[in-house]
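The values are calculated or read from the model by the stated rules, or taken from the named source; none is laboratory data. A quick note: this is a predicted structure, and the numbers were derived from the prediction, not measured. Areas reflect the complete protein model, heavy atoms only, side chains present, ligands, DNA and RNA absent. Shrake-Rupley method; radii C 1.70, N 1.55, O 1.52, S 1.80 Å.
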Amino acid sequence: MQSLRVALLNAAHDPADTARNFRREVDADLVEFHVAGGELPDSYDFDAVIVTGSRSSVYWDDEEGWIAPTREWVANADEQGLPVLGVCFGHQLVAEALGGAVEGMDEYEIGYRTVAHDGSDPLFDGVDTEFTVFTTHSDAVTELPPGADLLAENEYGVHAFRRGSAYGVQFHPEYDTRTAERVTQRKDDLDDERKSEVLADIDTAQYQAACEAKRLFDNFCELAAGDAPPAAD
């Protein structure tokens with residue numbers, strides 16, 4: 001497969017770790033734009049788009065002026081037929097850009113968790129129906145975009161959806177243990193006991209189990225290139 005040219009919309013406020021993780025996991029020519037710093041592509045001349053996680057909430061438009069323009073750019077990219085993958089904050093941004101809804105949660109989901117997918121979509125080819133992933137979020141997609149299909153979920157809610165060639169996944173398949181530890185350590189809104197429990201669970205065995213979900217990056221690139229089979233009816 002010829003290497004894809006993918007716009008990486010980096011929504012992290014400290015973008016270096018995020019860029020490193022996606023460059024390691026995504027087999028494509030990633031052209032990075034630090035959208036949290038106000039950078040956006042000036043064209044849609046890409047094969048696909050990936051939107052990363054962020055410490056921000058998608059509904060902080062009044063506080064952070066970069067979110068609304070990024071959401072609009074993603075909506076336009078989808079209208080032009082570009083395949084889009086959103087991860088965590090990106091998942092929520094894609095949902096809102098396509099007409100869905102995002103709200104704050106009553107409980108923080110963080111740490112290695114089990115998520116289940118329904119086996120209907122090629123994004124999850126090669127991934128067990130129940131799989132382990134690292135999660136960290138206090139917002140959730142509470143209403144799917146019109147015409148979207150729910151692909152994966154757990155007790156905390158929606159973990160993946162698809163509408164056309166646009167996908168969102170709530171979990172972080174790109175994380176390594178270093179990132180999981182750093183993200184957990186800076187969660188000032190978690191009490192020390194829960195933070196210690198999450199950190200104690202970040203180990204080689206859990207990480208290796210979560211590596212299965214990294215397959216979805218290859219699957220997304222294959223879908224973007226038109227090399228993957230269609231979703232099951």
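Annotations for the structure displayed:
- Region 68-184, accessible surface, carbon-and-sulfur percent (1.4 angstrom probe): 39 percent
- Accessible area per residue in Å² at 1.4 Å probe, computed on the chain: 44 Å²
- Percent of alpha-carbon pairs separated by more than 22 Å within region 1-94: 19 percent
- Principal axis dimensions, region 11-51 - Cα atoms, whole angstrom, descending: 26, 26, 11
- Values (1) 1.17; (2) 0.93; (3) 1.27 are given for comparison; Cα Rg over 2.2 N^0.38 Å, derived from the coordinates here, is the one labelled (2).
- Value at 222 nm in deg cm²/dmol, rounded to 500, when DSSP H runs of n ≥ 4 in the chain each add -39,500 (n - 2.57): -8500 deg cm²/dmol
- Expressed to the nearest 5 percent, the antiparallel share of DSSP beta bridges inside the chain is 60 percent.
- Our note on the geometry: Cα centres of region 1-77 and region 197-217, 24 Å apart.
- Long-range HN-HN contacts of Gly86 with modeled amide H, under 5 Å: Val51, Tyr167, Gly168, Val169
- Translational diffusion coefficient of region 160-233 (Stokes-Einstein, Kirkwood radius from Cα pairs, 4 °C, 1.567 mPa s): 88 µm²/s.
- Semi-axis lengths, Å, region 101-170, gyration tensor of Cα atoms, sqrt of 5 times eigenvalues: 19, 17, 8
- With an a/c value of 1.5 or above and a/b not larger than b/c for the gyration tensor axes a ≥ b ≥ c computed over the alpha-carbon atoms, region 63-126 is described as oblate.
- Put Glu212, Glu174 in order of accessible area, highest first, and with a 1.4 Å probe you get Glu212, Glu174.
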